[in-house]
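First up is the structure itself, then whatever we jot down about it.
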Number of protein chains: 2
Amino acid sequence: MTMNLKQLAENLGLSQTTVSRALNGYPEVSESTRMRVMQAAEQFNYRPNTKAKGLATGRAMAIGHVIATSGQNELVNPVFADFLAGAGETYSRNGYDLFLSIIADEEEARVYRDLKAKGTIDGIIIHAPRMNDLRIPLLQQLEMPFLVHGRSSREANNYAWVDVNNRQAFERATEFLLDLGHRDIALVNGHEYMDFAQQRRTGYLNALKSRGVSPNGDIMASDEMTEAHGYNSAKRMLSDKNRPTAFLVSSMIIAFGVRRAIQEAGLTMGRDISVVTHDDVLSYFGTKDDVPVFTATRSSVKEAGRISAESLLDMINTPGMELPQRLLEAQLVIGRSTAPAPAS
Amino acid sequence: MTMNLKQLAENLGLSQTTVSRALNGYPEVSESTRMRVMQAAEQFNYRPNTKAKGLATGRAMAIGHVIATSGQNELVNPVFADFLAGAGETYSRNGYDLFLSIIADEEEARVYRDLKAKGTIDGIIIHAPRMNDLRIPLLQQLEMPFLVHGRSSREANNYAWVDVNNRQAFERATEFLLDLGHRDIALVNGHEYMDFAQQRRTGYLNALKSRGVSPNGDIMASDEMTEAHGYNSAKRMLSDKNRPTAFLVSSMIIAFGVRRAIQEAGLTMGRDISVVTHDDVLSYFGTKDDVPVFTATRSSVKEAGRISAESLLDMINTPGMELPQRLLEAQLVIGRSTAPAPAS
DNA sequence: GGTTAGACTCAAAGCGCTTTCAAATTGATT
DNA sequence: AATCAATTTGAAAGCGCTTTGAGTCTAACC
């Protein structure tokens, strides 16, 4: 059996009250008894029972992350792993637990209601917001502190979020390709109903427009961000007589697929065809080389996880504070995948 | 405020006892009052408070997953995302919550002790076991139900596990390459202290030995399973005058790197150089094509998550049952990345 | 009509903690 | 020696649930 407060108190010849106060750093307890208590707690490896503590304080000391597996294939985006790693670190440093729900997206509303009513968490982080995401008004109504990783542009902007400046990142990337002389720049994006995808598309179109290049729907694709999507889209576009000379793509995984199509077409990436990708800096795709393979708009999703968690904990511990909203700028890092447009 | 049992009972003109019994399906309550209670619970959107319920029953209704970020780079293996998705589905179907701890590996022992003492979970799943993994005796000593995803070959085999038959998978894959006439088969593996890596190596060596092919240390590499590891290892091996004609690699991500090195060397995968990889069937690398890109030993890690979760819940709900041990066989699926060895 | 089994219902204790309110102790001050 | 404030400790209530042990009521039996 594990030791509880009562036993610990008996052992010390003190009351539960005093022991509890000593452990929680209240000032009304003398330094000498605090020492005694701390030592005994250490010795017996005592940890307060989370559920009991939560019941008594009304705080769960836990944050929920709800991840909806999208589509009938129930895809699980690998960026979650890195985001959770960043957030998880912050939580454990602050004594919070991380509570994960992985569910089909049609269940989301029910899950939020449950989490609220069951009192298991103090706050929640929302992932992968849509253009106008119903989760935001729902959580506002439930009065559950929450923070959105990303934004939902068509909702009123009165909620907490941490997001990458996707629009600007893709605007800059497009300008960069234009500067290299490219005019037929393909966009291989995520689903258009995802907010980030829409932002990136806007940035891309803005850049084209400001240079007087008219967009071409034939070289814009959006779908689930898989390797296959990159491959299929690029393959199709490259087989066209007016094939693009550059690709702007929304994830490293898509980029792998695009590269495969390029090579399969007998072309060389970084010479015949340029590629710029967004790079979430996922650990296993390591771009630690001096000169990275892909030119990329880079922004660490793990770092975003860390910042999101910190912001949410702030919100919880300082009710009524101004809602944190952090726009992270992506770096444009030049790699080997881009070159001046070949003379046509 | 959310409604609690007391309020619900008052609302119905019943005692807490009766309402609780009605909700939990005890037989001592008449069908008519049960109906009334259920309806009222539905109407007021009542959910029993998890912490209170847990305190009263002594069960947390939660499973812990501890993921250690390995190395100084704090890599987060993307297979976790899919594994958690599989497990999470099982949990929510059975009313369990999922607790995630992401920590540096040196903290693991402390975290297990904490989880036990704090009473937040009823069971735990261990990932990525080493050759002789100290976590196993520790958890046995703590008397916390646990299941290992993978195995730890040098520990006594008296614990629950779910694992892929890595040895046999790689033995078959090696035999397949030998049948195609390959003799110089490279192995690009994970860290040798990981159990699965050791198993795969054994399978590979067994196959070579039984065909009288002597292993060559120069074409065996093991490291963190990143794209860079695949690229660097393959690049080095391919630059040798006695370069291998085939690669057997431990993950899709490594395989991407190997493919890059092959193409960069002006060679063609599936003609000049054959590649067989292990494929965890991660959703975003989708090998849904008719003929997959890579020939692979395939075993879904998401499915493993599902099976692991079910087994662990069984253990928890049927104490004293025989410890579940499931060995999953990998399929050898032929793709486009393998061909007969070129005549030398 | 009295007894009894069966079907329902409830009051209260307990899970392990925090926190309010009260009490005891100490030392300094008058 | 009496008073008072400051310091330190403790008893008990309460967080929201389950569960034990004890009723109450109805219908059925002799």
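The values are calculated or read from the model by the stated rules, or taken from the named source; none is laboratory data. Bear in mind that the values here come from a model prediction, so they are computed numbers and not experimental data. All Cβ positions, even for glycine, are placed from backbone atoms using ideal geometry, and neighbour counts span all protein chains on display. Please note that ligands, DNA and RNA were not included when accessible areas were found on the heavy atoms of the full protein model with its side chains. Shrake-Rupley method; radii C 1.70, N 1.55, O 1.52, S 1.80 Å.
For B:Thr268, which sequence-distant residues (separation of 5 or more, or a different chain) have an amide H within less than 5 Å of its own amide H, given hydrogens modelled in the peptide plane?
Here the answer is B:Ile273, since their amide H atoms fall under 5 Å of that of B:Thr268.
If packing is taken as the average count of other Cβ atoms within 10 Å, what order do A:94-105, B:260-271 fall into, highest mean first?
A:94-105, B:260-271
Under the definition of partner shielding as Cβ atoms of other protein chains within 10 Å of a residue Cβ, what is the mean value for peptide B:50-60?
Taking the mean over all residues of the peptide, I get 5.
Just the number, please: percent antiparallel of the DSSP beta bridges in chain B, rounded to the nearest 5.
Around 10 percent of the beta bridges assigned by DSSP in chain B are antiparallel ones.
What's the buried accessible area, both sides, between B and A using a 1.4 Å probe, rounded to 100 Å²?
Approximately 5200 Å², summed over both chains.
What per residue convex hull volume, in Å³, comes out for the range A:166-299 when only alpha-carbon positions are used?
103
If you take each beta carbon of peptide A:109-119 and count the beta carbons of other chains within 10 angstrom, what is the mean?
Shielding by partners across A:109-119 averages 4.
When Lys and Arg each count +1 and Asp and Glu each count -1, what net charge do the other residues less than 12 Å away from B:Ala40, Cβ to Cβ, add up to?
0
Taking the protein assembly as shown on its own, what percent of its Cα-Cα pair distances exceed 49 Å?
20
Per the helix-only calculation at 222 nm, which mean residue ellipticity applies to chain B, given -39500 (n - 2.57) for every DSSP H run of n ≥ 4 and division by its residues, nearest 500 deg cm²/dmol?
Helix contribution divided over all residues of chain B: -13000 deg cm²/dmol.
Using a label point 7 Å beyond Cα on the Cα-Cβ vector, give me the inter-copy distances for A:Met3 in nanometres, one decimal, shortest first.
Computed spacing set for this position: 4.4 nm.
What whole-number value in Å² describes the accessible area per residue of the range A:166-299 for a 1.4 Å probe?
Dividing the accessible area of the range A:166-299 by its residue count gives 37 Å².
Considering amide H positions built from the backbone, and no H for Pro or chain starts, which residues 5 or more places from B:Gly64, or on another chain, come under 5 Å of its amide H?
B:Phe99, B:Asp122, B:Gly123, B:Ile124, B:Ile125
Please report, for the Cα atoms of chain B, the Rg to one decimal and the Dmax as a whole number; what are they, in angstrom?
25.3, 89
Using a 10 Å cut-off on Cβ to Cβ distances, tally the other chain neighbours for every residue of A:89-95 and report the average as a whole number.
Taking all residues of A:89-95 together, the mean is 2.
Every other copy gets compared here: list the nm distances from the A:Gln141 label point (7 Å along Cα to Cβ) to its counterparts, shortest first, one decimal.
Spacings between copies for this position, smallest first, are 5.2 nm.
Amide H neighbours of A:Leu75 under 5 Å, at least 5 residues apart or on other chains, H built in the peptide plane: list them.
Sorted by chain and number, the residues that satisfy this are A:Ser70.
Please report how far the C-alpha centroid of the range B:294-328 lies from that of the range B:2-50, rounded to the nearest whole angstrom.
Comparing the Cα centres of the range B:294-328 and the range B:2-50, I get a distance of 36 Å.
Quick one: with label points 7 Å out along Cα→Cβ, list the inter-copy distances for A:Glu303 in nm, shortest first?
Here A:Glu303 shows inter-copy label distances of 4.0 nm.
Taking the highest mean first, how do the peptides A:26-35, A:58-67, A:130-139 order by number of other beta carbon atoms within 10 angstrom per residue?
Top to bottom by mean Cβ count within 10 Å: A:58-67, A:130-139, A:26-35.
Give me the percent of the accessible area of chain B that comes from carbon and sulfur atoms, probe 1.4 Å, all protein chains in place.
Looking at chain B in its full context, I get 47 percent from C and S.
Taking θ as phi - 60°, what are the ³J(HN,Hα) couplings along the range B:205-212 by the Karplus curve (6.51, -1.76, 1.60), each to the nearest whole Hz, with x for Gly and Pro?
5, 4, 4, 4, 4, 5, 9, x
Between the range A:94-171 and the range A:231-265, what is the C-alpha centre distance in whole Å?
33
Tell me, what HN-Hα J-couplings in whole Hz come from the Karplus equation 6.51 cos²θ - 1.76 cosθ + 1.60 at θ = phi - 60° for each residue of the range A:6-18, using x for Gly and Pro?
4, 4, 4, 5, 4, 4, 8, x, 10, 8, 4, 3, 4
Which percentage, to the nearest 5, of the DSSP beta bridges contained in the protein assembly as shown is antiparallel?
Taking every DSSP beta bridge within the protein assembly as shown, about 15 percent pair in antiparallel fashion.
Given a cut-off of under 8 Å on Cα pairs at least six residues apart, what relative contact order in percent is computed for the range B:166-299?
24
Just tell me which lysines come within less than 28 Å, Cα to Cα, of B:Lys53; anything on the same chain fewer than 8 places away is out.
A:Lys6, A:Lys51, A:Lys53, A:Lys116, A:Lys118, B:Lys6, B:Lys116, B:Lys118
From the alpha carbon gyration tensor of the range A:265-344, can you work out the equivalent ellipsoid semi-axes (sqrt of 5 times each eigenvalue) and give them in Å, largest to smallest?
After diagonalising the Cα gyration tensor, the semi-axes are 38, 13, 8 Å.
Which whole-number percent is the relative contact order of chain A (Cα, under 8 Å, 6+ apart)?
17
Each residue of the range B:177-183 in order: what ³J(HN,Hα) in whole Hz does its phi give by Karplus 6.51 cos²θ - 1.76 cosθ + 1.60, θ = phi - 60°, with x for Gly and Pro?
Listing the rounded values in order: 5, 4, 4, 7, x, 6, 10 Hz.
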